[in-house]
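Have a look at the structure below before the remarks.
The values are calculated or read from the model by the stated rules, or taken from the named source; none is laboratory data. Just so we're clear, the structure is a prediction, and the values are computed from it rather than from any experiment. When we count neighbours, we look across all protein chains shown, and the Cβ atoms used for this are built from the backbone with ideal geometry, even at glycine. Side chains are part of the model used for accessible areas, which takes the heavy atoms of the whole protein and leaves out ligands, DNA and RNA. Shrake-Rupley method; radii C 1.70, N 1.55, O 1.52, S 1.80 Å.
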Amino acid sequence: MSAKQPRMAASIHPRVLAMQFLGAIAFISGVLRSGASDPPLTLDYYASSCPTVFDVIHKEMECAVLSDPRNAAFVVRLHFHDCFVQGCDGSVLLDDTVTLQGEKTASPNINSLDGFDIIDKIKNKVESDCPGIVSCADILTIAARDAVILVGGPYWDVPVGRKDSRTASYDLANTNIPTANEGLTSIISKFLSLGLSVTDTVALSGAHTIGMARCENYRARIYGDYESTSGGSPSSEARLSKLKSTCPAAGGGEDNIAPMDYETPNVFDNSYYHLLLNGEGLLNSDQELYSSVLAIQTKKIAVQYAHDTAAFFQQFSESMVKMGNITNSDSFVNGEVRKNCRFINT
């Protein structure tokens, strides 16, 4: 060779990058934990003021899920999207008014959220028993727990005593809520910013074992690396072909839906993690937990939950309590118990 080859910049091995990333996560988590304080929530908050509240909510959720099993996923998703913006304060339930811009039309919410009528119905029932006592934020949190139970998931005690916010944040809804095509670093950073750990991230993502996704949220995945991550087996190819038939690459069919867990779409179990291990996660953000080059820690957790339902259920319960305890400190000072979950009191 007469000419000298240009010297290439030194590359960093993906595993080194992953370890650096995990080190940063550990540091941030420590900072968040050191600054956290326990929320003023208790299990017996309504023991004397509204002793029937848990029974009323469970009965109404039971009716809703029996009428349509998808209602379980709707309510769980509402709770998640509420807690990721200003804490679990019922802000996601507020309608737009002349003086208040709600969160319902924010990009992650506008075509994603449903089940508001279920919360409205529960609120009306609770108000008839205990007027002005139980917040919409508490109703949503309890309803999400019952939704999980009613489709086969675990039970956990729900601390209560939240107040409803008198504000909402359209901007925070657009920035804080994880979206379908985000990478692993972005997903984890959003959970960490709320004091939720990497383990919480993987466990709470397991809520996608129920519910559906719209074509516009999985189009990039099925025309991207779905085939390579799933290995191209006959069954995965058939599945991919079916997804593509209702979600064209060129656009159209945005409102067509597919289950995020096609094995047991209406049952809360650990099959979501089986799909990740098979490379068949429907959303990019889901498959990233297992297939990303940075997924050293998340991959191990996903494998554990795929093989141990009890471990998944236990951690999911703990992580749901932890997420539900993300409170809006301002709402405890300036908040209220709304009469109608869609509007602040006048």
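Can you confirm whether VAL333 is modelled with pLDDT under 95, assigned to a helix (DSSP H, G or I) and either exposed (fewer than 15 other Cβ atoms within 10 Å of the Cβ) or not small (Gly, Ala, Ser) (or both)? When the stated conditions are applied, VAL333 passes them. Which helices (runs of 4 or more DSSP H) does the stretch 108-184 wholly contain that include 1 or more residues that are touching a Cys at 6+ places or on another chain (Cβ under 9 Å)? It comes to 116-129, 136-150.
Do you know which of the residues in the stretch 192-204 that are open to solvent by 10 Å² or more (accessible area, probe 1.4 Å) and either part of a loop (DSSP other than H, G, I, E, B) or of a type in the set (Phe, Trp, Tyr) (or both) is farthest from ASN176 (Cα to Cα)? Looking at residues that are open to solvent by 10 Å² or more (accessible area, probe 1.4 Å) and either part of a loop (DSSP other than H, G, I, E, B) or of a type in the set (Phe, Trp, Tyr) (or both), I get SER197. Of all the listed residues (PRO259, PRO234), the sole one being free of Cβ contacts under 8 Å to residues at least 12 places away in the same chain and over 23 Å from THR185 (Cα atoms) is PRO234.
Only one of the numbered conditions (1) among the aliphatic types (A, V, I, L, M); (2) at pLDDT 95 or above; (3) part of a helix (DSSP H, G or I) is not met by VAL267, and that is (3). Any idea which residue in the stretch 55-103 is nearest to the chain's Cα centre (by Cα), counting only those that are within 16 Å of ALA137 (Cα to Cα) and open to solvent by 40 Å² or more (accessible area, probe 1.4 Å)? Among those that are within 16 Å of ALA137 (Cα to Cα) and open to solvent by 40 Å² or more (accessible area, probe 1.4 Å), it is ARG77. For LYS242, state whether it is open to solvent by 50 Å² or more (accessible area, probe 1.4 Å) and either touching a Phe, Trp or Tyr at 6+ places or on another chain (Cβ under 7 Å) or not hydroxyl-bearing (Ser, Thr, Tyr) (or both). Criteria met by LYS242. Going by the conditions given, is PHE343 among the aromatic types (Phe, Trp, Tyr), in contact (Cβ under 8 Å) with a residue 60 or more places away in the chain and crowded, with 20+ Cβ neighbours inside 10 Å? No, not satisfied.
For the stretch 159-176, a residue qualifies if it is surrounded by 23 or more Cβ atoms within 10 Å (Cβ to Cβ) and polar (S, T, N, Q), and exactly one does: SER165.
Looking across the stretch 277-292, the residues that are out of contact with any His (no Cβ under 8 Å at 6 or more places or on another chain) and either assigned to a helix (DSSP H, G or I) or surrounded by fewer than 22 Cβ atoms within 10 Å (Cβ to Cβ) (or both) come down to LEU277, ASN278, GLY279, ASN284, SER285, GLN287, GLU288, LEU289, TYR290, SER291, SER292. The residues on offer are ILE296, ILE326, ILE257, and the sole one that is closer than 30 Å to LEU100 by Cβ and open to solvent by 20 Å² or more (accessible area, probe 1.4 Å) is ILE326.
One line per residue, one yes/no per condition, for (1) at positive phi; (2) over 21 Å from the mean Cα position of the chain (by Cα); (3) buried (at least 24 other Cβ atoms within 10 Å of the Cβ); (4) not charged (D, E, K, R):
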position: ASN111; (1), (2), (3), (4): no, no, no, yes
position: VAL134; (1), (2), (3), (4): no, yes, yes, yes
position: GLY153; (1), (2), (3), (4): no, no, yes, yes
position: ASP157; (1), (2), (3), (4): no, no, no, no
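Looking across the stretch 295-330 at every residue that is modelled with pLDDT under 95 and assigned to a loop (DSSP other than H, G, I, E, B), the one that is farthest from TYR273 (Cα to Cα) is identified as ASN328.
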